[in-house]
1. What tally of residues in the range 18-32 results from selecting those that are at pLDDT 95 or above and either surrounded by fewer than 17 Cβ atoms within 10 Å (Cβ to Cβ) or in a loop (DSSP other than H, G, I, E, B) (or both)?
2. I want to confirm something. Restricting to the range 1-17 and keeping residues that are among the β-branched types (Val, Ile, Thr) and under 12 Å from the mean Cα position of the chain (by Cα), which single residue is surrounded by the most Cβ atoms within 10 Å (Cβ to Cβ)?
3. From the list Ser155, Ser150, Ser196, pick out the single residue that is loosely packed, with under 14 Cβ neighbours inside 10 Å, among the hydroxyl-bearing types (Ser, Thr, Tyr) and within 22 Å of Thr14 (Cβ to Cβ).
4. Restricting the range 105-147 to residues that are among the β-branched types (Val, Ile, Thr), within 15 Å of Val54 (Cβ to Cβ) and touching a residue at least 40 places away in the same chain (Cβ under 8 Å), which is surrounded by the fewest Cβ atoms within 10 Å (Cβ to Cβ)?
5. Being in a helix (DSSP H, G or I), of a type in the set (D, E, K, R) and over 19 Å from Thr91 (Cα atoms), is that true of even one residue in the range 55-66?
6. Does Tyr83 satisfy the criteria of being touching an Asp or Glu at 6+ places or on another chain (Cβ under 9 Å) and part of a helix (DSSP H, G or I)?
7. Got at least one residue in the range 153-167 being touching a residue at least 40 places away in the same chain (Cβ under 8 Å), farther than 21 Å from Leu33 by Cβ, in contact with an Asp or Glu (Cβ under 9 Å, 6 or more places away or on another chain) and of a type in the set (S, T, N, Q)?
8. So which residues in the range 147-164 are assigned to a helix (DSSP H, G or I) and among the small types (Gly, Ala, Ser), if there are any at all?
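The values are calculated or read from the model by the stated rules, or taken from the named source; none is laboratory data. For clarity, every value in this text was computed on a predicted model and none was experimentally measured. Neighbour counts run over all protein chains shown; Cβ positions are idealised from the backbone, glycine included.
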Amino acid sequence: MFIGHMAVAFGAKTAAPAVSLGTMFLACQLADLIWPPLVLLGIERVAIQAGVTVVTPLDFIYYPYSHSLVANLLWAALFGGAYVFIRRARTRAGIVLGVVVLSHWLLDVASHRPDMPITLGGSTRIGLGLWNSLAATITVEGLLFAVGVSLYARSTRARDRVGRWALWSLVACLVAIYAANLFGPPPPEGMSAAWSALALWLLVIWGYWIDRHRQPLAARA
């Protein structure tokens, strides 16, 4: 998933209004932000295999440190705990962020073919295969994204003009990226996909920028 992960970040603002949208983006995409450096360092492996799924040609050969259940539970605990410690925030905020981190694994299990690892070293892999249907993928992710963005827009208000157009320009950008991934040419090889994934950091920065210009309607965390 892509916009499905971002949908969780948008929607989670209603549970922790004081947490920046940029931090939510960091949490929801943490596994995919950890993954590219590990691939580029040769620790994890990905290849391009046309037809491996209908939606993406990426063949995730080995990625337990970024995408296994055990690793994501660890990342969730570390991320949520670090946020509470560094920001001196309420425990609630850390719990919400931990859940957002873990949601990445759950949504990937729904999307991927059986290539999602459970442990760091075991051979068991699972996946429900949503990516085997383009129509179902677009429908599910599109609905999730619409709900998430709607929740965020209704639970915050713009402080200024930037707060309005920065949000909706990001939404348009995310949809454009999603369409390009679905219908554009595949990466030439796995390393190119890893390099491209580093651009996710720009979305995190964009999220922080938006939140500086929007105000939550409540502040419970």
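1. Adding up the residues that qualify gives 3.
2. Step by step, filter the range 1-17, then rank; the result is Val8.
3. None of the others qualify; the one that does is Ser150.
4. Filtering the range 105-147 for residues that are among the β-branched types (Val, Ile, Thr), within 15 Å of Val54 (Cβ to Cβ) and touching a residue at least 40 places away in the same chain (Cβ under 8 Å), the one surrounded by the fewest Cβ atoms within 10 Å (Cβ to Cβ) comes out as Ile138.
5. no
6. no
7. yes
8. Gly148, Ser150, Ala153, Ser155, Gly163
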